[in-house]
Amino acid sequence: MKRASIVIAGTVAGLVAVLEFHTTPAKVTLAGGSTLPAANKPAAATGQGSAGTGGTRSATGQQVNYSWGVLSVKVTVSGRRLTKVGLGYLNDGGNPRSQFIDRQSIPLLEQQAMQAQSANIQGVSGASYTSAGFAQSLQSALHSLGM
Amino acid sequence: MTQPVVRELVHVMGTVITIDVFPIEVTERPDFTAARNVLERANEAFSTWRPDSPVSRMRRGEITAADAPPEVSAVVAACTIARELSGGWFDPWAMPGGFDPTGYVKGWAAQHALAELAGLPIAGALVNAAGDIASLGTQPSGAPFRIGIADPADPRRLAEIVELTACIATSGAYERGSHLIDPRSGKPAARVASASVVGPDLGLADALATAVAVAGADGLAFIEPIADYEALVIGHDGRRQSTSHFPIASQPGPGW
């Protein structure tokens with residue numbers, strides 16, 4: 001495989017840095033059987049630095065497809081520390097089943113991202129299916145903040 | 001404090017499997033092709049919804065395990081062993097709709113994908129199949145991988161943290177797509193809120209976690225004599241019980 005540029009970013013799985021290499025976006029098969037590109041804009045993370053507030057900055061990660069739709073993760077950091085994790089965007093198609101799952105799993109992932117930072121863990125057993133897409137968007141948000 | 005990890009996502013078996021590789025030295029992206037191929041082949045062979053998959057043909061009685069591709073025969077044999085080890089609490093032959101090895105296959109496929117990474121110049125690797133995790137090696141620092149177990153009463157929190165030497169699987173009725181069926185009644189049942197099993201092989205750990213989640217704390221009795229496997233159950237009342245050597249690293253602190 002040809003050498004690709006390396007980007008370092010933080011990740012949901014604790015204090016690790018994820019090396020992102022340029023790859024073609026994977027296809028995701030949705031529950032209904034249709035396919036969408038895995039990442040609408042692979043480098044679409046947007047940072048909103050606010051230097052005047054003691055190093056508190058926030059950014060929204062790239063929009064990624066997950067099993068039930070599209071989401072992006074928004075993070076707020078203070079210095080090098082993650083202080084808030086939430087959703088920047090969510091479109092689960094309005095399906096009651098996916099909305100039910102989202103209401104359960106997304107707060108879980110937000111909380112786990114915060115925990116992973118302080119617990120120094122590399123994964124969660126018994127965690128939900130949404131987690132990989134969530135982690136991917138989280139990484140890009142942190143990356144855009146230089147973390 | 002930060003350490004590098006290279007991540008690959010594979011969409012198979014109705015979920016996303018995450019492959020994390022912890023390189024000794026960062027040079028170029030490792031080749032994940034072989035690991036991906038293992039997962040995609042398993043997805044084809046073991047699909048219960050693709051009518052032409054070997055497993056679907058077995059379910060309809062068109063072929064036997066002996067006629068199936070070698071990996072399907074191997075899984076059938078492993079399921080037989082898992083059924084015996086679990087005293088019948090894991091029984092793919094007792095699922096509604098016929099033989100369904102899903103409870104074994106996801107872990108089995110993750111374990112085989114991990115094996116494809118063994119030749120890389122890495123400190124360690126993790127294959128995480130929706131919370132069932134196979135590992136190889138250690139963190140680059142030499143420290144063991146640390147994995148949180150989601151608290152079934154409040155999955156936003158961690159119930160425990162384990163230091164992993166190989167694999168961990170967790171089953172509970174709170175998971176999406178969890179169909180914990182009591183093989184004795186053919187009906188959904190989970191006598192504890194969650195069951196986690198650690199051990200050298202993720203396929204077997206996955207099957208045993210399913211068995212213990214259905215059997216409840218009494219299931220610890222059939223795990224105890226299995227060499228190198230340990231189990232932890234969290235009851236519907238939050239009570240924890242485990243086999244003698246379940247590798248809890250530390251109690252999560254207040255606020256967890």
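Values as computed for the structure displayed
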item: Solvent exposure of segment B:188-246 as accessible area per residue, Å², 1.4 Å probe; result: 37
item: Added length on full extension, which subtracts the Cα-Cα distance from 0.36 nm per residue, B:ALA221 to B:HIS236; result: 3.5 nm
item: Segment B:125-245: radius of gyration and largest Cα-Cα distance (Dmax), Å; result: 13.7, 49
item: Spatial separation of Cα centroids for segment B:219-242 and segment B:25-40, in angstrom; result: 35
item: √(5λ) per eigenvalue of the Cα gyration tensor, segment B:1-127, largest first, Å; result: 32, 15, 12
item: In Hz, Karplus ³J(HN,Hα) per residue of segment B:131-138 (6.51, -1.76, 1.60; θ = phi - 60°; x = Gly, Pro); result: x, 9, 10, 9, 10, 9, x, 9
item: Chain-alone versus full-assembly comparison, segment B:133-160, residues with accessible loss of at least 30 Å² (1.4 Å probe); result: B:ARG146, B:GLY148, B:ALA150, B:PRO155, B:ARG156, B:LEU158
item: Summed buried accessible area for B+A [probe radius 1.4 Å, Å², rounded to 100]; result: 3500
item: Pairwise FRET efficiency - B:ARG184 versus B:GLU62, Cβ, R0 = 25 Å, nearest 0.05; result: 0.35
item: For segment B:140-153, Karplus couplings with θ = phi - 60° (6.51, -1.76, 1.60), whole Hz, Gly/Pro x; result: x, 6, x, 6, x, 5, 10, 10, x, 9, 4, 6, x, 6
item: Shape box of chain B [Cα atoms, principal axes, largest first, Å]; result: 54, 44, 31
item: Viscosity 1.567 mPa s, temperature 4 °C, Stokes-Einstein D of segment B:79-136 from Kirkwood C-alpha radius, µm²/s; result: 100
item: Residues with amide H under 5 Å from that of B:GLU160, placed H, sequence gap 5 or more; result: B:ILE149
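The values are calculated or read from the model by the stated rules, or taken from the named source; none is laboratory data. This structure is a prediction, so every number in the text was calculated from the model and none was measured. Cβ atoms come from the backbone with ideal geometry, glycine included; neighbour counts cover every protein chain shown. Only protein heavy atoms, including side chains, enter the accessible area calculation; ligands, DNA and RNA are left aside. Shrake-Rupley method; radii C 1.70, N 1.55, O 1.52, S 1.80 Å.
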